Structures are given as structure tokens and as C-alpha cells.
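Contents: one structure, followed by commentary.
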Amino acid sequence: MKGTAGIPSLHLEVLNKLVTKFERPPSTFFSSLFPSTNYDSDTIKWELEYNSGGMTPFVAPGSVAPAIGLDGIGEASAKCAYMKEKMFFGEDFLNNLREPGTSATYQTAERNLSRGLRKLSNRIDRRREWMMAQMVMNGSLSYKMQGGTELSVSYGVPATHRIQLASGDHWDAGGATQNVIRDIYDAKTLLADDAGVQPKFAVCNSTQLKYLIQSSAIQTLLAKSAFGNGDLFANPGPVLASLLGVGSIVVYDELYEVTGWITSAVTASDTTIYLDDVSDFETGSKARFFDMSEYNTYEDKAITAVDKAAGTITVAAVTGAYKAREDRVIMRKKFIPDNVFMLFSDTDANGEKVAEFMQAPYGMNRTYGKYSDTKDEWDPDGVWLRVQDKGLPVLYHPDCSIIITTT
């Protein structure tokens, strides 16, 4: 085989045209709300702004107009995160792409190429969504740079906008002081007072929606309203949104996966697990251990600690044995946790977007955004297909969202 130059399907303009045609993975909600903008370097700087509700002052006729600037409280900056992955296609695959007069074989190989490229493209889109969700949900973002250095960005979300309900007020407990409607209206008032906006979206997952539907306060209110005829269960999102005045209720159940390969053999009853990369594993989540030598064989254990320096996760004692460099651990997690209800506006009081994704240049050609390329391999014969991206989400108005931790 003499490289891939003679394969039209692997030309960069073909691959990247295909990448732009792919739809994003289902429910990349946060990424779809905010625009992407090119920035001139990989160190992003932005102004933090709180409440843009100022007024023009009175002045005497003939006097000089006073000058104003942005309603900022300071400047933030951070290095961009760089993302990339690759996939290998071997000699047989490439020969099938070249082979003349066998359209069925050619179509099968090209379909496999498209599936591989789509997988890489969807994974990088999902990473962008994870970054946007971390910014909006946690008010911070941690990521790795070249050499393994871990960076963290804090977006300056006010502590008062992160509400932890007292145990008696938990939405799932039915406590003596539980009142879902009071909690939501208190949050709406805080959002209006601090940012001058009303919520455009209320975001939760299906577990949190169930708590809302079962709330005695909401059931009582529904009985006195035009919605007291069963519509709540047939169409809960619009009914609750109209009842509570929270814009649109978005029920967001999308998951993401984090994979770690076991690097030190695990025996039954072990609790400390060494993985090749623990940077995205989180305490309180569930780790699924897979025996790769068996079909669909796994066990689930709760993660009680993550040590990024040591490269370990701590779990309840495992029952099986797992091999290093062969078996793996997967954590599946929702973008929106089960105990979170979020109110936010994607625009400030002046109608401008409160956040965006800043794309930084990378590569010798100063490429922006998602981009694919290839590299021939000599032994074994084949080609690497790679997809890259570089950027950072920025939050200009940290006071336009409120997170209620409900349990």
C-alpha cells in the first residue's frame, strides 16, 4: 500500500465536509443555546458583568457627557482546553476503499469510515457540552493541559445563587416545611433582584420532574386552576412552566460516559482501583467494572473517593477479579444531577447572550473549531483518522442563573 493519497474518501476536504454535516448528539442543550466565536490566541480574556440596569445621568445643557465603560467588576482569563482523539483503519479497510468494480465492498468500507468519523465527532461535541454544563451548573471548570497539568476556571457565580435546601425542605422527603412553590418563587425573586431578568428556562432531569409532579403544594394549586383535569401527567413540562412562570421547563436526561482502563490487577475485595486516567471520575457516581473477556459481564460499585494525583478511585469492595490493561471501568453520569433544579436566562437584561464558547487557533494552519485530518502508518499499513478542537466556554453574567440543590 502506498499511502492514502489516491483515496478520495480520505481527502481532508471530504472528511471535514462530512464532519460539518453530522448532527450533534441528541440533547446537547447547553451548546445549542450559546454561540461560538473565534479568538486570536489560546489565552481567553473576558469581562465579568453583574446587573446591567444602569441609567443615563442628568447633566447641565452644554456640559460634557460623562463617559462610562462596561458594567464589569473585573477581567477573567484562562488557557483554552485542547481536545483530540484518533481511530485506526487498517490495510484491508483501505484496500476495500480502493478496490475498483466492487461497489458493495466499497460502500461497506465507506460506511464504516463514516461511522468512525461520526463517533469521533459526537464524542468531541459531547465534551463541549460537558464543558458548557460544568460552567453553568457548577460555576467552574477543571481540565488538563499538555504535560498533565490540571487547570481550573472559576466563573464568579455568587454564593447566594447556589441554594442548598434544609433537610426539612427537601423536595423528595415530604418534610413538614417542604414547599416547592415557595422555593421556586424565592429563586425567581433573587434572579430578578440581582440580574434584572426573569427565568427563560428551568432545567432538571426526570427524577426532579417527578418530585415537582408529586409536590402537595403543586397538586393543591392545580386543583384550583385550569390545569386540574389530568393535563399535568399527560404534558407535565408546559403545564408546570405555565403554572410556575419559569419560562420553558427543559427535562434533560442526557448522559455522558467516562472510561478508564485498569492499570493494576484487581482481585476480589479490593477497594482502591488504579486507572490510566481518573480526571473525569466523580465521587458519588457509580463505577461499572467490565470483564472484557466475557460477554456483557460487569458489576456496579459506588465511587467514594477520587485521587487524581495517585490515579485511583476508591469504591466499595469488588466481587470479581480484573486484569490490568485488558479490563476497564466506565462511569455514566447525567449532565443534570438528580438533586438539581436550575433557573436561568440565556440573555442578560439588555438581551445579550450571557455566555459563549470561545474557539482558539491550533495547528500550523491556525485552525478554528472541530477539524479532522489523517496520517498514514507504515507498519502495520493503515491510516489514523483524527478529530480535534480547542476552546473554552466563558460566562459574562454569572448572576443570571440559580442552582437549587433539592435533596
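Summary of computed values
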item: Cβ charges +1 (Lys, Arg) and -1 (Asp, Glu), total dipole of the chain, debye; result: 520 debye
item: For Val250, residues with placed amide H under 5 Å, excluding near neighbours; result: Ala202, Val203, Cys204
item: Furthest towards positive pole of dipole, Tyr185, Ala133, Asn365, structure part the chain, Cβ charges; result: Asn365
item: Simple label model, 7 Å out from Cα along Cβ direction - Ala324 to Ser77, nm; result: 4.3 nm
item: 28 Å Cα-Cα reach of Lys286 towards lysines, excluding residues that sit fewer than 8 places from it in its own chain; result: Lys84, Lys86, Lys119, Lys144, Lys210, Lys301, Lys308, Lys323, Lys333, Lys334
item: Long-range HN-HN contacts of Ala349 with modeled amide H, under 5 Å; result: Ser52
item: Global form of region 255-334, assessed from the alpha-carbon gyration tensor, a/c cut-off 1.5; result: rounded
item: Dipole of the chain, positive direction: furthest Cα of Leu221, Ile7, Ala60, with charges on the beta-carbon; result: Ile7
item: Nearest 10 degrees, 0 to 90: helix 12-21 Cα axis against the chain principal axis; result: 40 degrees
item: Debye, to nearest 20: dipole size of region 255-334, +1 on Lys, Arg Cβ, -1 on Asp, Glu Cβ; result: 200 debye
item: Selection from Thr304, Thr314, Ala324 lying farthest towards where the dipole of region 255-334 points positive, charges on Cβ; result: Thr304
item: Extended-chain gain in nm, criterion 0.36 nm per residue less alpha-carbon gap, Phe88 and Thr189; result: 31.0 nm
item: Rounded to 10°, Cα long-axis angle of helix 103-138 versus longest principal axis of the chain; result: 30 degrees
item: Spacing of the two label points (7 Å from each Cα toward its C-beta) at Ser41 and Asn112, in nm; result: 4.6 nm
item: Residue-averaged [θ]222 nm for the chain, counting only DSSP H segments that reach four residues, each worth -39500 (n - 2.57); result: -8000 deg cm²/dmol
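Read-outs throughout are calculated quantities, based only on the coordinates presented, and are distinct from any laboratory measurement. Note that the structure is a prediction, hence the values are computed from the model and not measured. Note: ideal-geometry Cβ built from the backbone for every residue, glycine included; neighbour counts use all protein chains shown.
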